[in-house]
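Here the structure comes first, spelled out in C-alpha cells, and everything after it is commentary.
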Amino acid sequence: MSFLHYNSIAQIADALKAGETTSVKVTQAVLDRIEAIDGQVQAFLCLDAVDTISQAQASDARRAQGSAIGRLDGIPIAIKDILAVKDQPLRCASKMLESYISPFDATCIRRLRDAGAVIFGRLNMDEFAMGSSTENSAFQTTSNPWNLDTIPGGSSGGSAAAIAAGEAIATLGTDTGGSIRQPAALCGVVGTKPTYGLISRYGLVAFASSLDQVGPLTRTVEDAALLMEAMIGKDALDSTSISPQGDICYAEALQKKKGPWKLGVPREFFGNGIDPEVKANIENAIEWYRSQGCEIIDISLPHSDLAVPVYYIIATAEASSNLARFDGVRYGHRSAAADDVLSLFTKSRGEGFGEEVKRRIILGTYVLSSGYYDSYYLRAQKVRTLIRNDFVKAFEQVDAILTPTSPTPAFKHGERNDDPLAMYLSDIYTISVNLSGLPAISVPSGFTKAGLPIGLQVIAPAFGEADLFAVAHSFEQAHDYHEQRPKL
Ligand code: GLN
C-alpha cells in the first residue's frame with residue numbers, strides 16, 4: 001500500500017487481514033509523517049512513541065496467533081487532550097493542568113482498546129474546549145494543513161488537522177457546540193457528533209455537561225461508523241449514557257440504506273453572514289441529492305437565531321460550575337505566591353486559566369447569580385426547549401436536514417482574536433444540534449477558489465445515526481473531495 005498514513009481505517013483493516021501490512025508498519029508510517037510535518041502543522045502537544053509502537057506490536061502478535069479482535073485492531077487513533085488516557089498527560093491545553101497525568105482511561109478509550117486500537121498522542125485544542133480556532137491553547141497554535149496561514153477550526157483543531165495532514169488514521173474529538181464538525185469542515189475531513197448520551201462522557205473533562213459529546217474525526221463516513229460502533233453504549237460510570245436504540249450496525253447499514261430520502265433545508269441557515277462561496281457550494285450539494293431522487297423540502301427552524309445566545313448562557317453556566325474543581329487544592333496548578341486560603345484559590349485560578357476560560361467563568365457565574373438566574377439561565381432553558389421542538393416538528397416531515405457546517409471557510413490566524421462575538425458566530429449552524437441532543441455529521445463538500453475545504457452538515461433525529469451515515473455516505477461516494485490531499 002502506498003502512503004499508508006493517508007489510508008482509511010477500512011482500507012488498512014483489509015490490508016492487515018490480508019497480511020499485506022502490519023500494525024507496526026502503519027503506526028511507524030504515521031509517526032514518520034508526524035516527525036516530518038508536525039513542525040509546520042503543530043497538531044500534537046506530545047506523543048509517547050515507545051508506548052505507541054508497543055501497542056502496535058501487541059496487535060501484530062494477536063494477529064499472528066489468529067486472535068485479531070476486529071476491524072479496529074492495530075489501527076492508530078490519536079486523541080484530543082481532553083480525554084483521559086491512562087498514564088498520559090491530560091492537560092486540556094491549559095496551564096492549569098500542565099503537569100497532570102491521568103491515572104485512568106476514559107470509557108471511550110477503554111472500549112477502543114478492547115477493540116484492539118492503538119491509542120496515541122495528545123492533540124491540541126482550545127483550552128478546556130472553549131473556542132473555534134484552536135488559538136486558545138496555552139501551549140501552541142495549530143495550522144490548517146490546507147493553508148498554514150489559516151486556523152484549523154476548533155476546539156478540536158488538532159484532531160481535524162492531524163487527519164488532513166496524514167498524521168493519524170483517525171482521531172477523537174469532543175463537540176459541545178460544534179467542536180468536531182466545524183474543524184472537520186475547515187480541514188476537509190469527516191466529523192461526527194453523536195446523539196447525546198450514546199457515548200459515555202466518563203473520562204472526558206467536563207466543559208458543559210448537558211452538551212458535551214465525544215465523537216470521531218475520520219477520512220470517510222464508513223470509518224466514522226466503525227469507530228462509533230466500538231464506542232457506543234450504556235456505561236455504569238456515566239448516568240447520562242444510554243443504551244443505543246434502533247439499527248446500530250452502522251457500517252453494514254451503509255450498504256443497505258440507499259434512499260431516496262426526504263431532506264429538509266432550513267431557510268434560516270442561508271441568510272445573513274454566510275460566505276457566498278459556501279452558500280453556492282451547499283446549494284450544489286442539495287441539488288445533487290435532488291438529482292438522486294431525494295425529495296427536498298423547504299423547512300423552518302424559527303428559533304435558530306436564538307441558538308448562539310442561549311448556548312452562551314447555558315454553556316458558560318455549566319462551565320462555571322464544572323471548572324470550580326480547579327482550585328489549586330485538588331487538581332492542577334497551585335500558585336507559589338499564595339499566602340492564605342483565599343489567595344490560594346484566586347491566584348491559582350488567576351495564573352492557571354487563560355483569558356477565554358476566565359471570560360466564560362465570569363459570564364456563567366453572572367447568569368447563575370441570584371437576581372439574574374430567572375432572567376438569563378431559566379429563560380435560556382425555556383428557549384432551549386423551543387429550539388428542540390423546532391427539530392421535533394421538522395422531523396415529522398423529513399428524514400434528515402441539510403445545512404452548511406460553518407458560515408465561512410478557514411480564516412487567518414489572529415483574525416477573530418479581538419472579537420469574541422465574531423468567533424462565537426463560527427458555530428451558528430452547529431450549536432442548535434447540541435442544544436437539541438441530536439446527531440450530526442460534517443462531510444467534505446468541495447473547496448473555495450482559494451483551495452480551502454467546505455463541509456456539508458447532515459442532521460438526523462435522535463438515535464438516527466444509521467440514516468445519518470447513509471445520507472452522508474451517498475454524497476461522499478459520488479464525489480472525490482474526501483480523497484483530495486493538501487500539498488504538505
Ligand atoms: N466554539 C464553541 C465554544 O467555544 C463550541 C466549543 C465546543 O464545541 N467545545 O464554546
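Only the coordinates and a few stated rules stand behind these numbers; no lab work does. Since we're looking at a predicted model, the values are computed, not measured. Glycine also receives a Cβ, built like all others from the backbone with ideal geometry; neighbour counts cover every protein chain displayed.
Just the number: Rg to Rh for region 305-417, Cα atoms, Kirkwood Rh, two decimals. Don't jump to the answer; show the numbers that get you there.
On the way: Rg = 19.1 Å, Rh = 17.1 Å.
Dividing the radius of gyration by the Kirkwood radius yields 1.11.
The translational diffusion coefficient of region 1-151, from Stokes-Einstein at 4 °C and 1.567 mPa s with a Kirkwood hydrodynamic radius over alpha carbon pairs, comes to 80 µm²/s.
Computed 3J(HN,Hα) for region 126-132, one whole-Hz value per residue from the Karplus formula 6.51 cos²θ - 1.76 cosθ + 1.60 where θ = phi - 60°, is 5, 3, 6, 6, 9, x, 10, glycine and proline marked x. Taking a quarter of the surface of the Cα convex hull of the chain gives a mean projected area of 21.9 nm².
Going by average Cβ neighbours within 10 Å, how do the peptides 17-23, 132-138, 354-360, 74-80 rank, with the highest at the top?
On the way: 17-23: 15.0, 132-138: 26.1, 354-360: 18.0, 74-80: 28.4.
Put in order of decreasing packing, that is 74-80, 132-138, 354-360, 17-23.
Computed 3J(HN,Hα) for region 252-257, one whole-Hz value per residue from the Karplus formula 6.51 cos²θ - 1.76 cosθ + 1.60 where θ = phi - 60°, is 5, 4, 4, 7, 8, 8, glycine and proline marked x.
Computed 3J(HN,Hα) for region 229-234, one whole-Hz value per residue from the Karplus formula 6.51 cos²θ - 1.76 cosθ + 1.60 where θ = phi - 60°, is 3, 6, 9, 6, x, 4, glycine and proline marked x. Here the sum of -39500 (n - 2.57) over DSSP H runs of 4 or more residues, divided by the residues of the chain, equals -11500 deg cm²/dmol at 222 nm, to the nearest 500. Taken about its Cα centre, the chain carries a charge dipole of roughly 520 debye when the Cβ of each Lys and Arg holds +1 and the Cβ of each Asp and Glu holds -1.
Here's the picture: charge each Lys and Arg Cβ at +1 and each Asp and Glu Cβ at -1 in the chain, and of Gln484, Leu47, Gly246 the one pushed furthest to the positive end of that dipole is Gly246. What does the C-alpha gyration tensor say about the overall shape of region 215-325? Classify as rounded when a/c is under 1.5, otherwise prolate if a/b is larger than b/c, or oblate. Oblate shape, in that a/c is at least 1.5 and b/c is the bigger or equal ratio. Rg/Rh, computed from the Cα trace of region 61-122 with Rh as the Kirkwood radius, has the value 1.08. Cross-linked pairs Lys80/Lys234; Lys193/Lys258; Lys95/Lys347; Lys80/Lys347: Cα-Cα separations exceed 24 Å for Lys80/Lys347. For region 125-161 versus region 279-340, the spacing of their alpha-carbon centroids is 16 Å.
Close amide H partners of Gly446, meaning residues 5 or more places away or on another chain with modelled amide H under 5 Å apart, are Ile454.
If you wrap region 374-486 in the convex hull of its Cα atoms and look at it from every side, the mean projected area works out to 9.2 nm².
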